[in-house]
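The values are calculated or read from the model by the stated rules, or taken from the named source; none is laboratory data. None of the values given here were measured: they were computed from a predicted structure. Note: ideal-geometry Cβ built from the backbone for every residue, glycine included; neighbour counts use all protein chains shown. Note: accessible area is taken over every heavy atom of the protein model, side chains too, but ligands, DNA and RNA are not part of it. Shrake-Rupley method; radii C 1.70, N 1.55, O 1.52, S 1.80 Å.
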Amino acid sequence: MLRQRLLWAAFVALTSALSALAVGLGLRLDPDVAGLLPDGGEAPALRRYLRAFGGADLGVVLVEGADPARVEAAAEELTRAFAALPTVERAASRLEARGELDPMLAWRHADAAGRARLAAALGDAGLRARLEDSLAMMLAPGSGDASRSLAHDPLRLVQLAFERRDGGTGVRSRDDGAFATDDGRARLVLLRVHGEALRGRDAHAFVDGANALLARARTDHPGLTFGLTGGHAIAVATEGMLVADMTRSGTLSFLAAGAVFALVFRRVRALLAVMPPLLLGTLWTAGAATLLPGGISAIAVAFTSVVVGVGVDTGVHVYAALLEARAAGLPPREAAREARRRTQRPVLVAAATAGLAFASLGLSGIGALRQLGLLCAAGEVLTALAIVILTPELGALCERKPARASRGARWVDAVHWLTATRARAVVCAAVALAPIALVAAGFLPRVADAIVAVRPSHLEPAEVQERIYQAFGGQRGHWVVVVSDADAERARERADALAEHLAAMPEVAALDAPSLLAPAERTQRDRLAERDALDLPARATALEAAMAELDLPKARFAAALAGMRAPSHETVSLASLQQGQLAILLSRYLGADGPETVVALYLHPQPGEEQTVARAVAAADPGAVLTGYSRLDHELRASLARDLPRVGACAGVLVLLALVWSLRRLRDVVLAALVVVAEVAGVLVLVRLTGIPLHAYDALVLPVLLGITVDEGMFLLHRARASRDGERVIAETLRAEAPAIAATALTTAAGFGALAACDFDGLRHLGIVGALGSTLGLVVALVVVPAGLRLTLPARAAARAGGA
């Protein structure tokens, strides 16, 4: 016996040491939301987009204030400061390239609407009107800079090519090139950052330096507000939120489960026998989590709270058996052995059943839920194993004094009263089972918008992005059109052609495409050919005549006129753009995913025209893929429709097999099955009544509840079968077993309920649904099982069964 105890001690010590080492060196939280996306549909395209563009996302600094001059000064100061950071490749608060561009090359960057504006400006009426406006601008006071610009481009053709175009969704530049609102009270500083946003070291290095600069700016410029957003800032904030959520929920779960345990057993010292092995089991599970490639996803961090809450169940039954053995007169060591002998098989079978129910999430089409299921399954089994090994030994040390028979809890008598007669049993059973009828009649919750569970909404960078949308008129929920090709130039050509097609559609409310900044070589030549068809030399003669009529000195515009008579056919290469001012914006449109070039276009369809636009994209370029968070909700709903039947069927079959194997009596199997079915139906009704969002992440907790709450009914039925007094079986069963199952259910509810304190919406909703299910499962079990026993006993025996 001593040798066996030493072997177990060595096993526990070695496993704990290895787990602690693995957690210290290898546990990583994954801030990438790609793991929350389904495997099929358009979601792979969104993951590809995130891979190609998420790593090199622009950093954006928002500067706001009531005084436009102070805002401009602060933005320019920050631009210089950020440019000096080693983590920043380039910083810009304005787009300078417009003023340098040859007016005759404006066609090179103009979409179809822009080229139409350019052609109209060269018509007789347009030419005269724009020249008169330019003259008025040159004669205005303080027009020195404008006069020099107009001498270079008297018809302001470059402005026509670029107007009404955004440098990115929510990032708009004014005619002077500044990334600013029209009133100047909000400005942006765009940052091209070294390193990848999803690589923790790179993201933290940039964000730490950026926060230091912004802290100094807040001190130097009181009254102005500053905010940072972009992929790097969101990744760091998401990681911080996950760490906080895991720490907070795990701590709350541990404290709440411990409090419930101590209250049930009325022994605070009992925590010394249960909590250490529970912590070890959680540590072992965290060690196993280090084996997950890519780290723990935002949903899977729930495993700590769930493992603690569900794991205490085993401790409840083992410690209860220890107290019974001590009350029967066994000495501490023998009581420990007896408790282990009596409980190890049922509790390990129950843990394995719950673990298999969690593992059924492995059938989900969402990687984060598969992670959660596997971690919780491992945690359920590992904590049960740790408790079976250690709790009897620790409990023997805690219970060295003779144990007294525990007094029955008063609330158990109240529960027994509810079904103490056949009439009350019928009424209570009908009420408890009513949710099944309601759900069968179609009283179901509406599947909520799952995007709220994917993208954290309370992060500071997300709030900064929302302020940018409000200030600059950007729209949330844009679509992304992804064009990819092994040939970089061909990818850009396809994207340009698709942009031309979409720009001409009235069903498209807004379009942001790379053809403004970086059109493909072929696109540039086609546009310049369209320009040449306008007969620019003849238009130069007309412009010269209009200048003479307005008494404008021809010599001042000689270079502009010469450019029109011999227009340049120069094209711009992508390599040269990447070295110039426009480079900072290119990373929004051009990315790479392995050997392929990926080009992104951003669009907003008109309300009600979504299907028309989607069909147009597919017809114009069958290889292009539509994606984006605003389109993801359909995929998440489809994923839920696929996953819920599979996971539910798997969990249901496992639970049914466990019931048949364990109970071996048709009546008992039916009663236990009714408990879990009524529990799930009740949760659905409560979700409908309370308006709790039900989506792909929390809905899949429902089938898992079948496995982790079935033991309440099972233990009641086991105790009823073991009762020696058939005349008082119901009262004896409730008095002996109700406190223990209340403890197991409430500690499980505490584990899930701790997740309600999380900032991440998906975790919070998951925790609320799980806590509701665990609590409701207890209530249903305490009503349905006694009612079923009373109604299935012969009338005379049923009358005696409730006696005290």
Q) When you look at residue 303, is it touching a residue at least 60 places away in the same chain (Cβ under 8 Å), in a helix (DSSP H, G or I) and farther than 23 Å from residue 259 by Cβ, yes or no? A) no
Q) Hey, which of the strands (runs of 3 or more DSSP E) in the range 547-631, taking only ones fully inside, have at least 1 residues that are closer than 16 Å to residue 478 by Cα and under 27 Å from the mean Cα position of the chain (by Cα)? A) 596-605, 625-627
**Q.** Residues of the range 607-627 that turn out to be touching a residue at least 24 places away in the same chain (Cβ under 8 Å), of a type in the set (A, V, I, L, M) and open to solvent by 20 Å² or more (accessible area, probe 1.4 Å), as a count
**A.** 2
Q. Can you name every residue in the range 408-445 that is outside any helix (DSSP H, G or I) and within 34 Å of the chain's Cα centre (by Cα)?
A. 441, 442, 443, 444, 445
**Q.** Filtered residues of the range 294-307 (kept if open to solvent by 10 Å² or more (accessible area, probe 1.4 Å) and at pLDDT 75 or above)
**A.** 304
Q: Residue by residue through the range 515-539, note down the ones that are in contact with an Asp or Glu (Cβ under 6 Å, 6 or more places away or on another chain) and in a helix (DSSP H, G or I).
A: 522, 523
Q. Looking at the range 252-310, which of the residues that are touching a strand residue (DSSP E or B) at 6+ places or on another chain (Cβ under 6 Å) and of a type in the set (A, V, I, L, M) is farthest from residue 9 (Cα to Cα)?
A. 296
(Q) Against the conditions (1) open to solvent by 10 Å² or more (accessible area, probe 1.4 Å); (2) touching a Ser or Thr at 6+ places or on another chain (Cβ under 8 Å); (3) under 17 Å from residue 277 (Cβ atoms); (4) among the β-branched types (Val, Ile, Thr), where does residue 389 fall short? Just the number, please. (A) (2)
Q. So is residue 69 at pLDDT 70 or above and surrounded by 21 or more Cβ atoms within 10 Å (Cβ to Cβ) or not?
A. no
Q: Give the number of residues within the range 324-346 that are under 22 Å from residue 713 (Cα atoms) and open to solvent by less than 30 Å² (accessible area, probe 1.4 Å).
A: 2
Q.
Residue under question is residue 376, and the condition is that it be within 43 Å of the chain's Cα centre (by Cα) and touching a residue at least 12 places away in the same chain (Cβ under 8 Å); does it hold?
A. yes
Q | Those residues of the range 524-550 which are within 23 Å of residue 132 (Cβ to Cβ) and charged (D, E, K, R), in sequence order | A | 535, 539, 544, 549
Q. Could you list, in sequence order, the residues of the range 505-517 that are of a type in the set (A, V, I, L, M) and under 26 Å from residue 573 (Cα atoms)?
A. 511, 513, 516, 517
Q) Is there any pair linking a residue in the range 683-694 that is under 20 Å from residue 437 (Cβ atoms) and open to solvent by 30 Å² or more (accessible area, probe 1.4 Å) to one that is at pLDDT below 85 and among the β-branched types (Val, Ile, Thr), with Cβ under 7 Å and at least six apart or on different chains, and which? A) none
Q: Go over the candidates 349, 312 one by one and state the one that is buried (at least 24 other Cβ atoms within 10 Å of the Cβ) and part of a helix (DSSP H, G or I).
A: 312
Q.
Considering only the range 771-794, I want to know if a residue exists there that is more than 29 Å from residue 238 (Cα to Cα), modelled with pLDDT under 80 and surrounded by fewer than 24 Cβ atoms within 10 Å (Cβ to Cβ).
A. yes
Q) If you take the residues of the range 592-606 that are open to solvent by 50 Å² or more (accessible area, probe 1.4 Å) and touching a strand residue (DSSP E or B) at 6+ places or on another chain (Cβ under 8 Å), which of them is farthest from residue 511 (Cα to Cα)? A) 596
(Q) Being part of a helix (DSSP H, G or I), open to solvent by less than 30 Å² (accessible area, probe 1.4 Å) and at pLDDT 70 or above is true for just one of 45, 13. Which residue is that? (A) 45
Q.
Taking the condition of being of a type outside the set (Asp, Glu), in contact (Cβ under 8 Å) with a residue 24 or more places away in the chain and part of a helix (DSSP H, G or I), how many residues in the range 217-250 meet it?
A. 17
Q: Working only within the range 715-768, note down all residues that are open to solvent by 20 Å² or more (accessible area, probe 1.4 Å), among the small types (Gly, Ala, Ser), modelled with pLDDT under 85 and touching a Leu at 6+ places or on another chain (Cβ under 9 Å).
A: 726
Q: Could you please find all residues in the range 111-145 being at pLDDT 90 or above and farther than 24 Å from residue 549 by Cβ?
A: 115, 116
Q) Taking the condition out of contact with any helix residue (DSSP H, G or I) (no Cβ under 7 Å at 6 or more places or on another chain), open to solvent by 60 Å² or more (accessible area, probe 1.4 Å), farther than 17 Å from residue 655 by Cβ and without any contact (Cβ under 8 Å) to a residue 60 or more places away in the chain, does residue 370 pass? A) no
**Q.** Sole residue being at pLDDT below 90 and of a type in the set (A, V, I, L, M, F, W, C), chosen from 429, 453, 434
**A.** 453
Q.
Residue under question is residue 221, and the condition is that it be modelled with pLDDT under 90 and of a type outside the set (Asp, Glu); does it hold?
A. no
